[in-house]
Amino acid sequence: MRPSSYGVDLSPADARLLRGRVAPRALRWAAAAIGRGARVREICALDGGTSSAVHALSIEDASGQAHDLVLRRFVRLDWLAAEPDLAQREATALELLADSDLPAPRLVAVDHDGSAADVPAVLMTRLSGRVEWNPTELDPFLRGLAEPLPTIHATALPAGIGLPNYRRHEPRLRRPPLWTSRPELWQRAIEVLDGSAAFGERRLIHRDYHPGNVLWHRAKVVGVVDWVNASIGPPWADVAHCRVNLAAQYGQPAAERFLDLYRECAGNREDYDRYWDIAAAADVATAIASAHETEEFIANALANM
């Protein structure tokens, strides 16, 4: 089962916006990035995203060689109004990762402001593999998810890097969600979030790390994608975000096992502050399909503080 919140069930309007026709201007820009005489031969909308339009392109250069690429266009004007640097943010993250061992896309071109491609856009290499939501064996799957994180967090950060600092997603949760039957649970969570947290190390973080952004081939991770939310902040934010998604999809034991495996992979024996679980749950309070599992995740975090 793949969660509906990850772009499977779209309204007709969203389907047209995110999966519909790519503007000819954007295609010309993408072809020009490959070189003079290049032509777009194939276009295919990719499933999974709800915040940007993502299409696979096959571009043939002047010599006849095919280039398999991904074009991300930031077509949601409300999101751009709040965060106008989205294209630059993903491009910066991909540039940082270019020399790392992490299997991430390589940046081909970026249009920061939409002056060339109609809307801000990022053109990147296309990785093989597919998203996996139904692993045959859960433990190897969780280990595979844990293994890329230390590499991400070890990425060298040059001075003045143009990525934002970690922050909780806006709007900040100020009251229990309207759908909840456990408002007292959420109120306790809000009180925790209103307190202070030890943010710790400042590292490159994916900021949206979960199974939907990891590609697999033959039970091996072959790609980590969707770097739009890349930030500078504590590694625990990535761990917690993945944990809340795992709890919603596979149950709390999977989230606990993932924490153990991450610690093993990272050689990290620090105490885990359950503040990060609560912050992650608040971030996805209206996005996770399984509200019950999310609330159980919060209850578990509060019980272990």
Of everything in the range 42-77, what is under 21 Å from D208 (Cβ atoms) and of a type in the set (D, E, K, R)? Give them in sequence order. D47, R72, R73, R76
Pairs, please: C-beta under 7 Å, at least 6 apart or cross-chain, first residue over 15 Å from A93 (Cβ atoms) and in the range 107-123, second of a type in the set (K, R) and part of a strand (DSSP E or B)? A117/R73; V119/R73; A121/R72; A121/R73
Kindly indicate which of E95, E90 is assigned by TED's automatic domain parsing to the domain that holds D111, in a helix (DSSP H, G or I), touching a residue at least 12 places away in the same chain (Cβ under 8 Å) and surrounded by 17 or more Cβ atoms within 10 Å (Cβ to Cβ). E90
State whether the residues of the range 59-77 include one that is surrounded by fewer than 16 Cβ atoms within 10 Å (Cβ to Cβ), polar (S, T, N, Q) and either at pLDDT below 95 or part of a strand (DSSP E or B) (or both). no
Among the residues of the range 147-186, which ones are within 30 Å of A104 (Cα to Cα), exposed (fewer than 12 other Cβ atoms within 10 Å of the Cβ) and acidic (D, E)? E170
Quick one: is E256 surrounded by fewer than 19 Cβ atoms within 10 Å (Cβ to Cβ), touching a residue at least 60 places away in the same chain (Cβ under 8 Å), of a type in the set (D, E, K, R) and farther than 24 Å from V228 by Cα? no
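Here is a yes/no grid of residues against (1) modelled with pLDDT of 95 or more; (2) of a type in the set (S, T, N, Q):
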residue	(1), (2)
Y166	no, no
P171	no, no
T180	no, yes
R203	yes, no
H206	yes, no
V221	yes, no
Looking at G162, G144, G114 in this structure, which one is out of contact with any Cys (no Cβ under 8 Å at 6 or more places or on another chain), within 24 Å of V284 (Cβ to Cβ) and small (G, A, S)? G144
Every listed condition ((1) surrounded by 21 or more Cβ atoms within 10 Å (Cβ to Cβ); (2) more than 11 Å from the chain's Cα centre (by Cα)) holds for P211 save (2)
Out of L71, L138, I need the residue that is touching a helix residue (DSSP H, G or I) at 6+ places or on another chain (Cβ under 9 Å), closer than 21 Å to R36 by Cα and in contact (Cβ under 8 Å) with a residue 24 or more places away in the chain. Which one? L71
List pairs: first residue in the range 161-172 and within 13 Å of R207 (Cβ to Cβ), second residue at pLDDT below 80 anywhere in the structure, Cβ distance under 8 angstrom, at least six positions apart or on different chains. Y166/F199
Flag for D118 being touching a strand residue (DSSP E or B) at 6+ places or on another chain (Cβ under 8 Å) and not in a loop (DSSP other than H, G, I, E, B): no
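The values are calculated or read from the model by the stated rules, or taken from the named source; none is laboratory data. Since this is a predicted model, take the numbers as computed values, not measurements. Don't worry about glycine lacking a Cβ; one is built from the backbone with ideal geometry, like all the others, and counts go over all protein chains shown.
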